[in-house]
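Visitor: Okay, handing you the structure first.
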Protein chains: 2
Amino acid sequence: MGQVIMHNVVSLDGFIADQNDDVGPLHEWYFSGDTPITPPNNQRPDGPEKFDHSGAGVDFKVSGASAEYVGPMWEGIGASIMGRRLFDLVNGWEGQPPAGDHVVVVSHRPKPDGWHPEASYHFVDDVTTAVATAKELAGDRTVIVNAGVVGGQALAAGLVDEVAMDVVPVVFGSGRRYFGDIDRQHLLDDPHVVIQGDRVLHLRFTVRR
Amino acid sequence: MGQVIMHNVVSLDGFIADQNDDVGPLHEWYFSGDTPITPPNNQRPDGPEKFDHSGAGVDFKVSGASAEYVGPMWEGIGASIMGRRLFDLVNGWEGQPPAGDHVVVVSHRPKPDGWHPEASYHFVDDVTTAVATAKELAGDRTVIVNAGVVGGQALAAGLVDEVAMDVVPVVFGSGRRYFGDIDRQHLLDDPHVVIQGDRVLHLRFTVRR
């Protein structure tokens, strides 16, 4: 089976967006480098026009160091898991995730009626089912769990293999937390990835279980 | 003048201790390596017996990488600034700070009557006065501002030159925050120090002003 990796871009004080879901300067490094990278599914003629809810489009240009790290990570994604908040914010990328073929949405509400019936989007109401579903869909490829409330639940439930943080040198003060509502201590190994990009530090930790 | 450096050990989610001021595994790296280091003032015959409020004593043994970073940092300290909470927790290290000759305490209450009159401890009631006082006492040496509520106030007031985070791979979930009650975004430069020790990642950022 593939690994389950919790991932997001994060401020120095642990926030993935402000209280209004604005990512502020957290995503600038995706567009400020000199090395173009393209999410796997954007390479298809029918690929999505947008990657994230910043609406900044698909012209990703990162530093060379970030490209070497992010490119293979994107290519390895089989399925991703997100909460209903992010799904609603980006309207599920209109059925075309930037990477990976499958998306699992954790939500107490069902898939919107008639929403992109062709897309492999699966709505489940708890994180344990989400991870099981995503792993089955991903096969030996990676499952990405979007950090935040759902990611924190997955980590707390012992379902996360690695924590990947793209740390941006900004202090937010408040906002949406990378680890969501997690309420007890969890130990991780020392990072096995420490890569300094331009306006981002890529860190990746194995979770101790 | 010397630099003003905000410093503390911190969890991956930005906490310097739990709600009960327990540092948990955050200080383990100080004692789990193979390279002994001694805080400058412990080298004196009358030096303090304790470094921090973990009460773990002075037998610091860190990784070689951490020793090369921490040793010169300790040696460069002229004065440090702390809040009244930490002062009370450690009783001001009984008048003998582990590094530096001078301590400035931010507190609305005065120095306890008769408390170590020989010690260069200065009680002021706001962070601006604290930084000015510490800089004058430190001369061309470094001023360390303990991260937490007081450190966050100093950063918000534009009084911090660098942010030094010793990041331990543990998630806390809740507790005392490294950046205290800071309530708006602050940009920092990319880290000019990225050193992986054993159970700690040393990061240091210049504050953009």
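The values are calculated or read from the model by the stated rules, or taken from the named source; none is laboratory data. Predicted model, so just to flag it, every value in this text is computed and none were measured. Counting neighbours? That spans all protein chains shown, and the Cβs are built from the backbone with ideal geometry, glycine included. Ligands, DNA and RNA are stripped out before the accessible areas are found, and what is left, the full protein with its side chains, is counted by its heavy atoms. Shrake-Rupley method; radii C 1.70, N 1.55, O 1.52, S 1.80 Å.
Visitor: Quick one: B:Val90 ticks every box in (1) of a type in the set (Val, Ile, Thr); (2) at pLDDT 95 or above; (3) farther than 16 Å from B:Phe15 by Cβ bar one, so which box is it?
Guide: For B:Val90, the failing item is (2).
Visitor: Considering only segment B:152-184, how many residues are within 16 Å of the chain's Cα centre (by Cα), more than 10 Å from chain A (Cβ to nearest Cβ) and more than 21 Å from B:Pro25 (Cβ to Cβ)?
Guide: The qualifying residues number 6.
Visitor: If A:Gly100 meets every condition in (1) within 25 Å of A:Val207 (Cβ to Cβ); (2) at pLDDT below 95; (3) open to solvent by 10 Å² or more (accessible area, probe 1.4 Å) apart from one, which number is that one?
Guide: Result: A:Gly100 fails condition (3) only.
Visitor: In addition: Does B:Val70 count as over 22 Å from B:Arg177 (Cβ atoms), open to solvent by less than 40 Å² (accessible area, probe 1.4 Å) and within 17 Å of the chain's Cα centre (by Cα)?
Guide: yes
Visitor: Okay, next question. With respect to the numbered conditions (1) outside any loop (DSSP other than H, G, I, E, B); (2) on the phi < 0 side of the Ramachandran plot; (3) surrounded by fewer than 21 Cβ atoms within 10 Å (Cβ to Cβ); (4) free of Cβ contacts under 8 Å to residues at least 40 places away in the same chain, which one is the sole condition not fulfilled by A:Leu137?
Guide: The number of the failed condition is (4).
Visitor: Please work out which residue is surrounded by the most Cβ atoms within 10 Å (Cβ to Cβ), limiting yourself to segment B:141-193 and to residues that are part of a loop (DSSP other than H, G, I, E, B) and among the charged types (D, E, K, R).
Guide: B:Arg141
Visitor: Exactly one condition in (1) at pLDDT 95 or above; (2) over 23 Å from B:Val106 (Cα atoms); (3) open to solvent by 20 Å² or more (accessible area, probe 1.4 Å); (4) touching a helix residue (DSSP H, G or I) at 6+ places or on another chain (Cβ under 7 Å) is not met by B:Val58; state its number.
Guide: So the condition that B:Val58 fails would be (1).
Visitor: Let me ask something else. Within segment B:5-18, take every residue that is among the hydrophobic types (A, V, I, L, M, F, W, C), open to solvent by less than 10 Å² (accessible area, probe 1.4 Å) and closer than 11 Å to B:Val167 by Cβ and give me the one that is nearest to the other protein chains (Cβ to nearest Cβ).
Guide: It comes out as B:Val10.
Visitor: Ok, one more. Please count how many residues of segment A:13-43 are under 29 Å from B:Arg176 (Cα atoms) and without any contact (Cβ under 8 Å) to a residue 24 or more places away in the chain.
Guide: Residues in segment A:13-43 being under 29 Å from B:Arg176 (Cα atoms) and without any contact (Cβ under 8 Å) to a residue 24 or more places away in the chain: 2 in total.
Visitor: Then there is this: Out of B:Asp21, B:Asp52, I need the residue that is modelled with pLDDT under 95, part of a loop (DSSP other than H, G, I, E, B) and open to solvent by 20 Å² or more (accessible area, probe 1.4 Å). Which one?
Guide: Criteria check complete, one pass: B:Asp21.
Visitor: Ok, one more. Testing B:Gly92 on (1) at negative phi; (2) away from chain A (no Cβ under 14 Å), one condition comes back false. Which one is that?
Guide: Against the list (1) at negative phi; (2) away from chain A (no Cβ under 14 Å), B:Gly92 comes up short only on (1).
Visitor: Tell me whether segment A:119-133 contains one or more residues that are at the interface with another protein chain (Cβ under 9 Å from one of its Cβ atoms) and either open to solvent by less than 20 Å² (accessible area, probe 1.4 Å) or in a loop (DSSP other than H, G, I, E, B) (or both).
Guide: No, segment A:119-133 has no match at all.
Visitor: Among the residues of segment A:190-209, which ones are of a type in the set (A, V, I, L, M, F, W, C) and facing another protein chain (nearest Cβ under 7 Å)?
Guide: Within segment A:190-209, A:Val194, A:Leu201, A:Phe205 meet the criteria.
Visitor: For B:Leu187, indicate whether it is under 17 Å from the mean Cα position of the chain (by Cα) and facing another protein chain (nearest Cβ under 10 Å).
Guide: Taking the combined requirement at face value, the residue does not satisfy it.
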